[in-house]
Amino acid sequence: MFDFLMKRRLCAIAPPLSTPPDMAYRLRSWPPLNGSARTAGVLRTLTRMTLGPMSAQRFVTGSGLTQADGERLLKRLVDADYVEEIDIKAFRRT
């Protein structure tokens, strides 16, 4: 419980990501993970992505990786076509 609350507080003060805020990410297929990317946090976050899209900030926070490592992993997964990028601007109410 404490870990969850601490992550929420850290997320609130985290610097903005370099990824566009109008993008969401959804897992298309399971990637082969190695080394530092094969953690319980990353696996849990990828499992959550099978249920529906999530923001880059939520991916980084949920994975437990540093901001730079989380962004790098997400970009690698998108480039390898394991993760789909979804432009959510079209779904926002004006």
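Give the order of Y25, Y82 when sorted by the count of other beta carbons within 10 angstrom, beginning with the fewest. It would help to have the intermediate numbers written out before the result.
Working: Y25 20, Y82 17.
Fewest-to-most ranking of Y25, Y82: Y82, Y25.
Taking the number of other C-beta atoms within 10 Å as the exposure measure, put L73, L51 in order starting with the fewest.
Values: L73 22, L51 9.
Going from least to most buried by this count: L51, L73.
Treat each spin label as a single point 7 Å out from the Cα along the C-beta direction, and report the A80 to W30 distance in nm.
Rounded to a tenth, the inter-label distance reads 1.4 nm.
Can you work out the Karplus-derived ³J(HN,Hα) for every residue in the stretch 75-82? Use 6.51 cos²θ - 1.76 cosθ + 1.60 with θ = phi - 60°, whole Hz, and x for glycine or proline.
Per residue, the Karplus-derived 3J(HN,Hα) values read 5, 5, 5, 5, 4, 7, 6, 8 Hz.
Can you work out ³J(HN,Hα) from phi for every residue in the stretch 34-48, in order, using Karplus 6.51 cos²θ - 1.76 cosθ + 1.60 and θ = phi - 60°, giving whole Hz and x for Gly and Pro?
Working through the residues one at a time gives 9, x, 5, 7, 9, 10, 4, x, 5, 4, 5, 5, 5, 4, 4 Hz.
Read the figures in this text as sums done on the coordinates, not as results from a lab. What you are looking at is a predicted structure, and each value in this text was computed from that prediction instead of being measured. Counting neighbours? That spans all protein chains shown, and the Cβs are built from the backbone with ideal geometry, glycine included.
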